[in-house]
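Engineer: Have a look at this one before I ask anything.
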Amino acid sequence: MILAGIYIHIPFCKKACFYCDFHFDVSFKHKDAVLSSLQKEITSRANFFNPDDVIESIYFGGGTPSVLNKHELSTILNALHTQYTIAPNVEITFECNPDDLSSSYLADLKLLGVNRLSIGVQSFNNDHLKWMNRSHDSAQSLQCVDMAASVGFTDITIDLIYGIPSLGLHEWQETVERALELPINHLSAYGLTLEPNTPYQRLVDQKKYHSPQDEKTSDHFEALVAIINAKGWEHYEVSNFCKTGNYSRHNTAYWQNKKYLGLGPSAHSFTGTERHWNVSNNAEYNLKIAAVEQAFESEFLSVEDRINEYVLTGLRTKWGVNLEELNHKYGHPIVSLFANELNEWESQGWITISQGQLTLTSSGLLFADYIASELFKLKDEF
Ligand code: SF4
């Protein structure tokens, strides 16, 4: 039996947050058609899994899943339960925006089996929320987290964004402190980034907005980690923090390179040796599904690709990379190939190697991508 996950992409948002490069549409004109195609895809992709694979996590992401009404969500969940073997204790995470949540909607989510909420709070500063073109204000965020707890949700995570050019260090520290006082057991915090082809990029090009500054982003990250540690929370992945042991099962499975199936426009899947990605266009997705054509492209991962993924995802987590397993699985002896680099990073306080496990320190996490990219440079003798 293999434990696996399913990701469902709901590609609609009420407003376009200016920094966002995910696939979504602010027009809902294709919504019914996409949901109908999704039903068909749920059935047609059932052979992605082996008969004894069991789904231990389902993740509704987007876009904005909370634009779904109770009936639409129920239809999707029923189809999943019909086509796949779902574990009795499955984690079902549902991303939502604060302005979509009411007590009755939250109660419906709970009744339908959603047991983990991921709420896009991003900031408690209304000027920053407006600046990012978010669809809600701070009061709605605070209110909906309390409502979710009152309805009985015990697994609640919120997203925050740091590194906003006009966000001062002190205000960011207050934001984190305030977040940790809410009835949540998990926090995801991301540095603002300037992604190509976003409204943010265009505004920066027109000199109307400032781009994020690396130094500010690093200062915010360090302050965040200091508060997290002081409060006794766990920092278990570069951008993810929780009260002891309350990891996201779904995302942890990604980082452990487990198998997952992505359904809906732009969703990605991973078989262990192949990646699939669905077409990132709602109309095209509908056409392909209606024509019973494959709605995804795929890529076979070479051994080198798999080593790179294994190292990058492992390094970003508190569990690090198991060097023996890496050597055993892929014949990649990091310690002997990269002795000089490892010694240097260890003396800089970026990494530790203990009992065959290579992990990044808090300061090393800032350099996770750099360290991984150095380790990707496979030596000639490999
Ligand atoms: S709600 Fe989420 S997916 Fe939609 S535009 Fe904003 S950040 Fe992007």
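Engineer: Restricting to Cα pairs below 8 Å that are 6+ residues apart, what does the relative contact order work out to for the range 201-281? Please round to a whole percent.
Structural biologist: In percent, rounded to a whole number, it is 12.
Engineer: What percent of all Cα-Cα pairs in the range 1-131 falls into each 5 Å bin, going from 0 up to the bin containing the maximum distance?
Structural biologist: 2, 9, 19, 21, 19, 14, 8, 4, 2, 0, 0
Engineer: Given the DSSP H assignment, sum -39500 (n - 2.57) over each helix run of at least 4 residues in the chain and divide by its residue total; what's the result at 222 nm in deg cm²/dmol, nearest 500?
Structural biologist: Mean residue ellipticity, 222 nm, calculated: -12000 deg cm²/dmol.
Engineer: Pull out the extension gain between E309 and A16, defined as 0.36 nm times the separation in residues minus the alpha carbon to alpha carbon distance; nm, one decimal.
Structural biologist: Here the segment from E309 to A16 would lengthen by 102.4 nm.
Engineer: Right, next: Relative contact order, percent, of the range 322-382 when contacts are C-alpha pairs under 8 Å separated by at least 6 residues?
Structural biologist: It rounds to 27 percent for the range 322-382.
Engineer: Another question, if that's okay. Calculate the tail of P(r) for the range 303-376: the fraction of all Cα-Cα distances greater than 16 Å, expressed in %.
Structural biologist: Tail of the P(r) past 16 Å holds 40 percent of the pairs.
Engineer: For K14, which lysines qualify as cross-link partners when the Cα separation must be under 17 Å and same-chain residues fewer than eight apart are set aside?
Structural biologist: Once the sequence-local lysines are set aside, what remains near K14 is K29, K31, K130.
Engineer: Further, regarding this structure: Taking the Cβ of L68 as the centre, find all other residues whose Cβ is under 15 Å away and add up their charges (Lys, Arg: +1; Asp, Glu: -1).
Structural biologist: -3
Engineer: Right, next: Would you kindly derive the ³J(HN,Hα) couplings of the range 45-59 from the backbone phi angles with the Karplus curve 6.51 cos²θ - 1.76 cosθ + 1.60 (θ = phi - 60°), listing them in order in whole Hz, with x for Gly and Pro?
Structural biologist: 9, 4, 6, 4, 9, 7, x, 9, 6, 10, 7, 9, 8, 10, 10
Engineer: If you don't mind, another one. For S102 and Y370 in the same chain, what is the full-extension length gain: residue separation times 0.36 nm, less their Cα-Cα distance, in nm?
Structural biologist: 92.2 nm
Engineer: Which shape class, rounded, prolate or oblate, goes with the range 128-231 when its Cα gyration tensor gives a ≥ b ≥ c as root eigenvalues, a/c under 1.5 marks rounded, and past that a/b bigger than b/c marks prolate?
Structural biologist: Taking the square roots of the gyration eigenvalues as a ≥ b ≥ c, the range 128-231 is oblate.
Engineer: Which links in K70/K288; K15/K243; K110/K288; K40/K70; K231/K318; K243/K318 stretch past 23 Å when you go from one Cα to the other?
Structural biologist: K70/K288; K15/K243; K110/K288
Engineer: On to the next question. What percent does the relative contact order of the range 3-255 come to when contacts are Cα pairs within less than 8 Å and at least six residues apart?
Structural biologist: 18
Engineer: Under a Cβ-Cβ cut-off of 12 Å, what is the net charge of the residues other than F48 that fall near it, where Lys and Arg count +1 and Asp and Glu count -1?
Structural biologist: With Lys, Arg at +1 and Asp, Glu at -1, the net is -1.
Engineer: Within the chain, what's the longest run with no trypsin sites (Lys or Arg not before Pro) in a DSSP loop and at most 16 other beta-carbon atoms within 10 Å? Give the range, please.
Structural biologist: The reported range is 30-206.
Engineer: The range 309-375: which chymotrypsin sites (Phe, Trp or Tyr not before Pro) are DSSP loop and have at most 15 other beta-carbon atoms within 10 angstrom?
Structural biologist: W319
Engineer: If I model a spin label as a point 7 Å beyond the Cα along the Cα-Cβ vector, how far apart are those points for N89 and S363 in nm?
Structural biologist: Those two pseudo-labels are separated by 4.0 nm.
Engineer: Kirkwood hydrodynamic radius (Cα pairs, Å) of the range 3-255?
Structural biologist: 19.2
Engineer: Let me ask something else about it. Largest first, please: the extent of the C-alpha atoms of the range 167-223 along each principal axis, to the nearest Å.
Structural biologist: Largest first, the range 167-223 extends 40, 20, 16 Å along its Cα principal axes.
Engineer: A follow-up question, please. Test of the criteria: in the range 221-281, which chymotrypsin sites (Phe, Trp or Tyr not before Pro) are in a DSSP loop and have at most 12 other Cβ atoms within 10 angstrom of their Cβ?
Structural biologist: none
Engineer: Work out how much length S354 to K231 would gain on full extension: take 0.36 nm times their residue separation and subtract the Cα-Cα distance, in nm to one decimal.
Structural biologist: Using 0.36 nm per residue and subtracting the Cα-Cα distance, I get 41.7 nm.
Engineer: Give the percent of DSSP beta bridges with both residues in the chain that are antiparallel, rounded to the nearest 5.
Structural biologist: DSSP beta bridges in the chain are roughly 40 percent antiparallel.
Every number here is computed from the coordinates shown, using simple stated rules; none is lab data. The structure displayed is predicted, hence computed values, not measured ones. Please note: Cβ atoms are built from the backbone with ideal geometry, for glycine as well, and neighbour counts cover all protein chains shown.
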